[in-house]
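*Asks:* Dropping the structure in here first, questions after.
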Amino acid sequence: MTHTLLSNMIKRRTLLQNVVKTLGAVAVGSLLTLSSAQATVGEPEKEELKFGFIKLTDMAPLAIAYEKGYFEDEGLYVQLEAQANWKVLLDRVIDGQLDGAHMLAGQPLGATIGFGTQAHIITAFSMDLNGNAITVSNDIWEQMKPYVDKDADGKPVHPIKADALKPVVDAYKAQGKPFKMGMVFPVSTHNYELRYWLAAGGIHPGYYAPMRGDTAGQIDADALLSVTPPPQMPSTMEAGTIFGYCVGEPWNQQAVFKGIGVPVITDYEIWKDNPEKVFGVSKAWADQYPNTHIRVVKAMIRAAKWLDDNNNGNRPEAVDILSRPEYVGADYDVIANSMTGTFEYEKGDKREVPDFNVFFRHNATYPYYSDAIWYLTQMRRWGQIAEPKSDEWFMETAKKVYRPDIYAIAAQELIAEGKLKASEFPDFATETGFKTPQTGFIDGVTYDGHQPNDYLTKFKIGLKPDSKI
């Protein structure tokens, strides 16, 4: 054994020991799946893998890890396959047809607590921050305009709150007409962001009542939300089936290019730097293939870093890759409108939004417990979690699903290999998995992940900690 190899093994062993000390029992449980004699992450137990995704720009870390050879660097031979919708994608991960997938951040949590499909899904990698918007039809936009503040040049002042939509929704109700909007899945960020925006403007988005067999989420609703797959959003709105929607890119910009709708707000303006997608695998798969899992995370961290490198300088190349039919398959210009740091609202009103898509900076790839708990609070707020839960329950559930211990091992490996710097990650010696209390919400409410039930008391619309439907 060479001196250099021995030195690297000792260095990596020390790094992994530090992860164990820092992350405690959760990390120890994960590391025990590896041989105690191993100084580094071992060879992948499974080399040929199939990962699923939905045709959205935030699947980019998967495409880049594949196209740039990062998976192959880890001894992994990956096939990427577009899926019809989020339910099919989740079902195929559960039954083993897919080894893992680009998932909605709420999907592993919803599955693990048994809302919809019951299965223990985990995530050790957050795929991005932000990336969604809310779009309304041209007709609804014209009705909203009188209630939207304008600057000296006559342009709408952003962010546009749902206060401007409320008179429109009230008029529909007065005429006995349902006001319909689309979102992509019941446990999607889009559902919770749309609900959050509507409720902040005094529009009730409705409750779920799973204990009564009601999973439509329209109890007491002023606006009726329903599921539409992302690529079908523009055509569904154009047909008049829905009057607006919340979706990821490129399907908001597609409405602008087609001249059928106007994005009124981005999710960055609803919740600044919100987590959006994650990479999910079944707990059983992760337990069976621990080295493979860590290597997948390593490759995707490198891809995320590439996507944000050089002040987004690689984005034009990324857009070219994503525009291919096997990935997102939308026109280059449509994808570039958001991926390269701009966003077009009303046609011709293009504005700088450099953080519309964030893949690596702001510790975007780290799976924070506090992010998981926020999703759980929204599930509770709207009745998807039907019974009152203690703060401890929220924490325990987050720890079952979000796995920063696995992420830390992958990151430490990349640091030891010289591929990334320690300064580019959270400080694993002090990181708790909780962001400091967050204030960047459209309604001004502060979120502290340590106090989920207290957070739920702050909303005028929504279930309180001890409420039931």
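The values are calculated or read from the model by the stated rules, or taken from the named source; none is laboratory data. Keep in mind the model is a prediction, meaning the values are calculated, not measured. Cβ atoms come from the backbone with ideal geometry, glycine included; neighbour counts cover every protein chain shown. These accessible areas exclude ligands, DNA and RNA; they are computed on the full protein's heavy atoms, side chains included. Shrake-Rupley method; radii C 1.70, N 1.55, O 1.52, S 1.80 Å.
*Asks:* Would a scan of segment 344-356 turn up a residue that is part of a loop (DSSP other than H, G, I, E, B) and within 30 Å of residue 467 (Cα to Cα)?
*Replies:* Looking through segment 344-356, none of the residues is part of a loop (DSSP other than H, G, I, E, B) and within 30 Å of residue 467 (Cα to Cα).
*Asks:* Taking the condition without any contact (Cβ under 8 Å) to a residue 60 or more places away in the chain and open to solvent by 60 Å² or more (accessible area, probe 1.4 Å), does residue 333 pass?
*Replies:* no
*Asks:* Further question: So, in segment 140-170, exactly how many residues are open to solvent by less than 40 Å² (accessible area, probe 1.4 Å) and farther than 20 Å from residue 262 by Cα?
*Replies:* Residues flagged as open to solvent by less than 40 Å² (accessible area, probe 1.4 Å) and farther than 20 Å from residue 262 by Cα within segment 140-170 amount to 0.
*Asks:* Something else: If I filter segment 186-231 down to residues being of a type in the set (Asp, Glu) and touching a helix residue (DSSP H, G or I) at 6+ places or on another chain (Cβ under 6 Å), which single residue comes out as most open to solvent (accessible area, probe 1.4 Å)?
*Replies:* 222
*Asks:* Among the listed residues 417, 396, 392, identify the single one that is closer than 25 Å to residue 185 by Cβ, of a type in the set (D, E, K, R) and out of contact with any helix residue (DSSP H, G or I) (no Cβ under 8 Å at 6 or more places or on another chain).
*Replies:* 396 is the lone residue from the list that is closer than 25 Å to residue 185 by Cβ, of a type in the set (D, E, K, R) and out of contact with any helix residue (DSSP H, G or I) (no Cβ under 8 Å at 6 or more places or on another chain).
*Asks:* Another question, then. Could you check segment 425-453 and list, in sequence order, the residues that are over 15 Å from residue 378 (Cβ atoms), acidic (Asp, Glu) and either open to solvent by 50 Å² or more (accessible area, probe 1.4 Å) or modelled with pLDDT under 95 (or both)?
*Replies:* Correct list: 427 only.
*Asks:* Follow-up. So residue 338 ticks every box in (1) farther than 22 Å from residue 106 by Cα; (2) under 23 Å from the mean Cα position of the chain (by Cα); (3) outside any helix (DSSP H, G or I) but one. Which box is left unticked?
*Replies:* (3)
*Asks:* Give the residues of segment 262-284 that are assigned to a helix (DSSP H, G or I) and open to solvent by 20 Å² or more (accessible area, probe 1.4 Å), sorted by residue number.
*Replies:* If the condition is that a residue be assigned to a helix (DSSP H, G or I) and open to solvent by 20 Å² or more (accessible area, probe 1.4 Å), then 268, 269, 283, 284 are the ones that fit.
*Asks:* Looking at segment 235-247, which of its residues are in contact with a Lys or Arg (Cβ under 8 Å, 6 or more places away or on another chain) and not polar (S, T, N, Q)?
*Replies:* 238, 242, 243
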